[in-house]
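Notes follow the structure.
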Amino acid sequence: MTEKSDVVDWLQSNPDVFLEHPELLDGLNLPHETNAASLIGYQIQRLRDQNAELGQRLDQLTGIASDNERLMRRLHRLTLEVMARRSIPAFLEQMFDKLIADFNADLVTLHLTEGASALAALERVSLHPDNQPEWFERTLARGRIECGRLTRSKLDWLFGELDEPIGSAALVPVAGSGLLAIGARSVERFAPGMGTLFLELLAETIAFRLDLPDSERRKRA
């Protein structure tokens, strides 16, 4: 017995069948009157609907491209401003402040496995040469940015005990030697699947400025 799918496949392979056998149209059950003119009108309406859908998709892609361009320009300005700072502590403090002011973040901390002891004096920088949590080591080993909601234990370790909860966060590995944690009160600010190119470039900027091991290999390459 012939299945409907077989008929559909055959019609798709023979798009001229109704031109060669217009009498077949007489028995079709169409949304409008059952004649050739209504079939053409139905096809035209379907094409209009498809074009409208494609137009919406194009508008969405154009909007994403515009947002990315604005984000890259802001990253460029941030890089120029923070790289002008002569000392590493001044560079980090400026970067933290700019992320909070210009990129809708509420808290920013940097956790390093190595670095100058002077950095430990900064309020938002922590050195962890030993005894890192397993999840911290795994995140550095994977080297992939993670966005979304975090467990309370991770939030406490990254940001300390807070009066107001962090709704979402981005964990940004830095050259395998550090983790930049960016937190927001909003649960929608950092979501799984969001674009991370900006954060990747930011991590490279930090690694280069702090002269971390991986960034040194990039310089020689």
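Every read-out reported here was derived from the displayed coordinates using simple, explicitly stated rules and does not represent laboratory data. All values reported here derive from a predicted model rather than from experimental measurement. Cβ atoms come from the backbone with ideal geometry, glycine included; neighbour counts cover every protein chain shown.
Q50 to E204: extension gain in nm, 0.36 nm per residue of separation minus the Cα-Cα distance? Could the numbers behind the result be given before it?
Values: separation 154, 0.36 × 154 = 55.44 nm, distance 4.23 nm.
Length difference between fully extended and current span is 51.2 nm.
Calculate the spin-label point distance for V8 paired with I100, positioning each point 7 Å from the Cα along the beta-carbon direction, and give it in nanometres.
Spacing of the two 7 Å Cα→Cβ label points: 5.7 nm.
When DSSP beta bridges are limited to those with both residues in the range 85-220, what percentage is antiparallel, rounded to the nearest 5?
Bridges in the range 85-220 are about 85 percent antiparallel.
What Kirkwood radius, in Å to one decimal, follows from the Cα pairs of the range 85-220?
Numbers: mean 1/r = 0.0663 Å⁻¹.
Evaluated over the range 85-220, this radius sits at 15.1 Å.
Alpha carbon centre of the range 142-168 versus the range 84-129: separation in Å?
Here the two parts' Cα centres lie 17 Å apart.
If you keep only loop residues by DSSP, which trypsin sites (Lys or Arg not before Pro) in the range 90-193 have at most 12 other Cβ atoms within 10 Å of their Cβ? Write down the numbers at each step before the final one.
Details: sites: K98, R124, R138, R142, R144, R149, R152, K154, R185, R189; in loops: R124, R144, R149, R185, R189.
Passing both the DSSP loop test and the Cβ count: R144.
How compact and how long is the range 128-195, expressed as Rg and Dmax of its alpha-carbon atoms in Å?
11.8, 33
Assigning unit charges at the beta carbon (Lys, Arg +1; Asp, Glu -1) and nothing else, what dipole magnitude in debye, to the nearest 20, does the range 85-220 show about its Cα centre? Provide the component values of the computation, followed by the final result.
Values: 17 positive and 20 negative charges, 100 e Å.
Here the size comes out at about 480 debye.
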